[in-house]
Amino acid sequence: MSQESIAAGAIAGSIRSEAGRGQWSSRWVFFLAATGSAVGLGNIWKFPYITGQNGGGAFVLVYLACILAIGIPLLMAEVMIGRRGRANPEGAIAAVAREAGASRHWRRIGSLAVLTGFLVLSYYAVIAGWTVAYTPAALSGSFVGLNAESSGALFNTLLADPWRLTAYGSFVLLLTLGIVAFGVRDGLERSLRFMMPGLFLILLVLVGYAATTGHFMQAVEFLFAPDFSKLTGKGVLIALGHAFFTLSLASGAMMAYGSYLPAGTSIVRTSLMVAATDTTVALLAGLAIFPLVFANGMEPGSGPGLVFVTLPIAFGQMPLGALFGGLFFVMLALAALTSTISLSEPTIAWLGERFGMGRVKAVLLSGAAVWLLSLGSVLSFNHWSEVTLFGKTFFDGLDFLTSNLMMPLGGLFTVLFTGWVMKRAIAAQALGLDQSGAFGLWWLAIRWITPLAIALMFLHSLGLF
Ligand code: PHE
């Protein structure tokens, strides 16, 4: 990159020329894409089940605090670095480091993020496959008359069948890579326009239905009345990790999407909107699911199957349940798809820009690798259920490694890089703010609050204090 292009681009909030790289057509499309990345299985599948496993209210409180104090400032930093560097996560950090006169080794944060996204995609696609499997089941009325036991049995039959899991997971991967191969923008924009409002609406219907079960207040109490005696050090780490996971942080996704962001878009405002939407969807999911859990005498801590076992019972009982159920699982599959797309983009952009690989070739190569890895998660639910790594199955282990170790560590280094390597004036310019007011608050968060909070929570979870 020449000095001229640095100078010219710097005025527009970026240090690279934008020629040859795609860009979102508007601020609105970026908001949709970032929200599409953030809202997904994390909100509707993962948040309820880990909340159930970690005792409810106190866990939710720590999670919300992590979103506010760590997630939102980091989201802004990632989008900003992406736009400033106009490259895949590794290349973007390298460019920003170069601008700051810092070591090029900082780019390893970006490599770690790309790897994290790749690993997450491998198991995320398998869970998204469950959603695809449940759509025809809902539409054909198979949920009618289900109770806790028969619904659990239905779910376990799916898990026990590696062929079906592979087929559905592969379908999700094929769809993802197909869309990504032909360009992210058009397909994404079109599907997001109806999907987001639709998902929201169905969630509201479900919350309404859950309110009629008579166990709504019990659920509200479970979710919002903190009982700190139920919170463990590991629970704190899981809450922290989930804040990263649900906002698609430290996995390259937001940085890659930021790299396509037109200059002049407000990163601060868009990030706040993305985080607010994401949190609302998670809380609505909790309010829809927990009343059903209690009404049917189920165990909140029963694990990854929670949503797939509880909601079908509700769809089987409510009026127009087949229709609502079918729509719900279609929307959830689409919400997952907009997340898998964002999970695959960093690797593909990295292969393309780092090795000069054509887009289709990069898609095929990364697709084959991620598909192979996904088989490990598939098998962990059946043939390999006894095979454990660090006391966890392949799926659980990969989830723990990525969400609870790689993401917090990657996030920690990203905020250290932003707050202590980037110059204050450059950061303000890249974010599109002047150096007073809101910027001061964000800068304080990035330099002190986020790194200290992540480090402390990490050490706490290791039992070090
Ligand atoms: N945020 C997505 C969800 O909550 C998952 C995701 C993680 C997407 C990391 C991209 C990157 O479902």
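The values are calculated or read from the model by the stated rules, or taken from the named source; none is laboratory data. On a predicted model such as this, the values are computed, not experimentally measured, just so you know. Backbone-built Cβ (ideal geometry, glycine too); neighbour counts: all protein chains shown. The protein model used for the area step is the full one, side chains on, heavy atoms only, and it has no ligands, DNA or RNA in it. Shrake-Rupley method; radii C 1.70, N 1.55, O 1.52, S 1.80 Å.
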Residue separation times 0.36 nm, minus the C-alpha to C-alpha distance between Ala160 and Arg354: what's the value?
65.8 nm
Calculate, axis by axis, the spread of Cα positions in region 3-461 along the three principal axes, and write the results as whole Å, longest axis first.
69, 47, 41
Got a number for the accessible area of Trp371? Probe 1.4 Å, square angstrom, nearest 10.
100
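How many percent of the accessible area of the chain is carbon or sulfur, using a 1.4 Å probe?
Values: 11980 of 17380 Å².
Its accessible area is 69 percent carbon and sulfur atoms.
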For Tyr209, tell me the accessible area in Å² from a 1.4 Å probe, rounded to the nearest 10.
40
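Would you rank Asp434, Asp278 by solvent-accessible area, highest first, keeping every protein chain in place and using a 1.4 Å probe?
Asp434, Asp278
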In sequence order, what are the phi-derived ³J(HN,Hα) couplings for region 57-66 according to the Karplus relation 6.51 cos²θ - 1.76 cosθ + 1.60 with θ = phi - 60°, rounded to whole Hz, with x for glycine and proline?
x, 5, 4, 4, 4, 5, 4, 5, 4, 5
Return the lysines within reach of Lys230: Cα separation strictly under 28 angstrom, same-chain partners fewer than 8 residues apart disregarded; answer none if there are no such residues.
Lys46, Lys392
What are the ³J(HN,Hα) values, in whole Hz, obtained from phi via the Karplus relation 6.51 cos²θ - 1.76 cosθ + 1.60 with θ = phi - 60°, for each residue of region 112-119 in sequence order, with x given for Gly and Pro?
4, 5, 4, 5, 4, x, 4, 5
Calc'd 3J(HN,Hα), region 292-303, phi into Karplus 6.51 cos²θ - 1.76 cosθ + 1.60 (θ = phi - 60°), Hz, glycine/Pro = x, comes to 5, 4, 6, 4, 9, x, 9, 8, x, x, 6, x
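Using the heavy atoms of the protein chains alone and a 1.4 angstrom probe, what is the accessible area of the chain per residue in square angstrom? Please report the intermediate quantities before stating the final value.
Values: 17380 Å² over 465 residues.
Roughly 37 Å² per residue, with all protein chains present.
Below 8 Å, C-alpha to C-alpha, sequence gap of six or more: please give me the relative contact order for the chain in percent. The partial results should precede the final answer.
Working: 771 pairs, mean separation 157.1, N = 465.
Across the chain, relative contact order equals 34 percent.
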Label point distance in nm, Lys234-Leu68, each placed 7 Å from Cα along Cα→Cβ
2.8
The alpha-carbon pair-distance distribution computed for region 140-186, with 5 angstrom bins and whole-percent values, is 5, 18, 15, 15, 15, 11, 10, 8, 4
Based on the Cβ-Cβ distance from Arg27 to Trp448, what FRET efficiency comes out when R0 is 35 Å, to the nearest 0.05?
0.70
For Asn382 paired with Ser302, estimate the spin-label separation in nm (one decimal), with each label point 7 Å from Cα along the Cα-to-Cβ line.
2.1
Please give the residues of region 430-452, grouped as numeric ranges, whose backbone N is less than 15 Å from a label point set 7 Å along the Cα-to-Cβ vector of Lys423.
430-431, 435
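In nm, what is the difference between 0.36 nm times the number of residues separating Arg269 and Ser436 and their Cα-Cα distance?
Details: separation 167, 0.36 × 167 = 60.12 nm, distance 1.62 nm.
Net length gain for the segment: 58.5 nm.
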Would you mind computing Rg(Cα) / (2.2 N^0.38 Å) for region 254-335, counting N as its residues?
1.48
Taking the Cα-to-Cβ direction at Glu149 and at Leu456 and moving 7 Å from each Cα, how far apart do the two end points lie in nm?
4.9
